[in-house]
Amino acid sequence: MEHKELIEYYPEHLKSYRELRAITAVEQVELDSILAQIRQGLENQFIETADEDAIARYEQIYSVEPIPGATLEERRFNLLARLTESTPYTERTLADMLAALCGTDGYQVMLDVNAFTVEVGVELTAKNNKLAVERLLEKILPCNLVCSVGLIYNQYKTLARFTHAQLSAYTHGQLREEVLPNG
């Protein structure tokens, strides 16, 4: 929501008065502050754009325990995980929930109906959200299913695009567990 400076609303012959410019300069500061508060109030209506105070309020409303040291994005993720809980829980619903939380390519689900197991792999780009995915699955999956959540580590096909010289800058742990730059 863009607006003109207050002085621009006055006719040209009044803009030259020093007193009027001083008054509108002070009023402009207040108006900008009010408009910023209105803009933030609108953004706080949605978890994706809410600020830290609003996220804390949402956490209280939905009884979400914030993880110590979690970033604002991780806290948003935990709230979205809570909000995506709905019944009935079908494979499609589970896929939709995980896609909403991790992105369409941010996870893999392996379901073994005969062994009553569900394995969910979370991409390294969302590894800080693994705990939230575990909590979500713990709440929504039936009790007769054994669930495990793990990370999808870098594999040879991910590393094949790099030269040996490029890879030598990383430790074995970094090559396996860190998101590598596009290079």
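None of the figures in this text is laboratory data; all of them are computed from the coordinates on show. Just so we're clear, the structure is a prediction, and the values are computed from it rather than from any experiment. Glycine gets a Cβ as well: all are built from the backbone with ideal geometry, and neighbour counts include every protein chain shown.
Scanning residues 5 or more positions from LEU151 or on other chains, those with amide H under 5 Å from its amide H are VAL122, with H placed 1.01 Å from N in the peptide plane.
For the stretch 136-143, 3J(HN,Hα) computed residue by residue from phi via the Karplus equation (6.51, -1.76, 1.60; θ = phi - 60°) reads 4, 5, 4, 7, 9, 7, x, 5 Hz, glycine and proline entered as x.
The alpha-carbon of LYS4 sits under 15 angstrom from the alpha-carbons of these aspartates and glutamates, leaving out residues fewer than 8 places away in its chain: GLU12, GLU27, GLU30, ASP32. Charge tally around ASN78: other residues with Cβ under 9 Å, Lys/Arg +1 each, Asp/Glu -1 each, net +1. Here the simple spin-label model places points 7 Å from the Cα toward Cβ, and for ILE34 and ARG92 these points are separated by 5.0 nm.
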